[in-house]
Structures are given as structure tokens and as C-alpha cells.
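Chemist: Sharing a structure here in C-alpha cells format.
Readers should treat all values here as calculations from the given coordinates under stated rules, not as data from a laboratory. All values reported here derive from a predicted model rather than from experimental measurement. Neighbour counts run over all protein chains shown; Cβ positions are idealised from the backbone, glycine included.
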Ligand code: DX5
Ligand code: ZN
């Protein structure tokens, strides 16, 4: 049984962040126990990074691994596609178990159509921006976007250093979203030291790979990332 996506509707009133551990940094030799750790932790979603070796200079994993995670996961799958021409595979990601499907702005020619298609299959639709892409390019598409994923590293690898300019970008996006329901998720170089600043800037959902899986206490790190945070704007 998978828990609901209620975080989508309730999060902005709460003092806790959504936390999505990035499975890319997990120990794939012991994947089931890593999944179990997330199931038993305070984490909200499984963050699943799909890389095609073309859009980014790395290849991760595909449908069979995602299906396996889906069979064991008690929480929604937040699937981040770092692939060119994502429209080709949207239905297959739905069948593999994606609950939230995020495509890159830079990889999508007909983004409006892509988001409609994702939603028509019953998934939440996200758009991700590379560090160099301004948030202003989202102005027209925001009403059709459930989630914006701000990359705070150049996508392709876990364990990179957080790009500080991302904070200003999150601030700008928060203003652009205004009172719309779109969530802000941030991905790359996030840890228990910079999480507070990210939430203060407007982040709703924190993705963390190395900070969680390379920690001596992964579940405790997830709890720290959750908060509580108390900022007037949340
Ligand atoms: C990078 C991925 C991230 C990555 C995060 O391309 O999208 O989700 O795994 O890993 P950390 O938290 O280690 O930067
Ligand atoms: Zn990611």
C-alpha cells in the first residue's frame, strides 16, 4: 500500500519540509534494505533519478529497477527524468510506478503538451530547471505545473557541491508562484547545514542523496531534514 500524495495539498501550512531521499546514492547491493530504511523513516517520497547518457553525462537505471522499488515502497515515487525527448516514455514510467513525473525544461519542446499528458495518466507533473535556466521561462506554464524542481547542481551525479546562487533563484520562483499551488523542490548538494536556508527561501521539498545514504544514521538525517522550520511565509 502506497501512502497518498497529500503532502502536495497540505505542505504549505505545515512547519515540516517534504523530504525525498535520492535512491541514486543508495547501496544497490542492498537495495531492499535501503528501501526498507526509507519506508520506516520520516521521508515522504522516493526520489528516483533516471539518466540516459545523452541529456546528462551519466547512465543510471531504468524500468525494471523502478518496478522493483515500486513493489516494496510504501511511499510515492518522485521520478526525475534526465533524458532527451521524455514524451517517448511517459506511459512506461506510469506503468513502472511513477506518482510524480518531472521532465527537464531543456529537454522538452512541447512542454505544455507533455505536462497535460503526464496529468492525463493520473500523475503529478513536474518541470526541472538546470542551474543556468532562469525561472522566468516558467511564467506561462506554471498554472499547469504541479511541481518545479530547481537543480542546485549540474545534473548527472550525486555528491556535488551546492550552487549558492540557487537560493536567489528559489526566492524569485516563490514570488512568481504567488498563491498558486505549485510546489518548489530543490535537488543537489543538500544537507542538514543548508536545509534551513533553502526552506526559508521557499523550498517545499528537499531531495538529498549523499547526505542521507552516506550518513552513519540515514533515518536520523532524514528526520533532521524534515524540520520543524518556522518561517512566517510558510
Ligand atoms: C543529480 C540528481 C540528484 C542527486 C542528488 O543529477 O538529480 O537527485 O542524486 O544527490 P546529492 O544529494 O548527493 O547531491
Ligand atoms: Zn534528482
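Chemist: Which translational diffusion coefficient, to the nearest whole µm²/s, is obtained for the stretch 5-73 from the Stokes-Einstein equation, given a Kirkwood hydrodynamic radius over C-alpha pairs, 25 °C and 0.890 mPa s? Don't skip to the end; give the middle numbers.
Modeler: Values: Rh = 13.5 Å.
So the translational diffusion coefficient is about 181 µm²/s.
Chemist: Another question about this same structure. Could you list, bin by bin from short to long, the percent of Cα-Cα pairs of the stretch 16-225 in 10 Å steps?
Modeler: Taking all Cα pairs of the stretch 16-225, the binned fractions are 9, 38, 39, 13, 0 percent.
Chemist: Going by average Cβ density within 10 Å per residue, which order do the peptides 46-56, 140-150 take, highest to lowest?
Modeler: Numbers: 46-56: 21.9, 140-150: 19.1.
With the highest mean Cβ count within 10 Å placed first, the list reads 46-56, 140-150.
Chemist: Can you sort 215, 136 from fewest to most other Cβ atoms within 10 Å of each residue's own Cβ?
Modeler: Numbers: 215 16, 136 9.
Least crowded to most crowded, the residues run 136, 215.
Chemist: Okay, next question. When only C-alpha pairs under 8 Å and at least 6 residues apart count, what is the relative contact order of the chain, in percent?
Modeler: Values: 463 pairs, mean separation 54.3, N = 234.
After rounding, I find 23 percent.
Chemist: Cut-off is 10 Å between beta-carbons; in what order do 221, 203 appear when sorted fewest neighbours first? Before the final figure, lay out the partial values.
Modeler: On the way: 221 21, 203 27.
In increasing order of surrounding Cβ atoms, one gets 221, 203.
Chemist: R0 = 35 Å: FRET efficiency of residue 142 with residue 32, Cβ-based, nearest 0.05? Don't jump to the answer; show the numbers that get you there.
Modeler: Details: r = 38 Å, r/R0 = 1.10.
Efficiency, from the Cβ-Cβ distance: 0.35.
Chemist: Please report how far the C-alpha centroid of the stretch 197-222 lies from that of the stretch 20-99, rounded to the nearest whole angstrom.
Modeler: Each part's Cα centre sits 17 Å from the other's.
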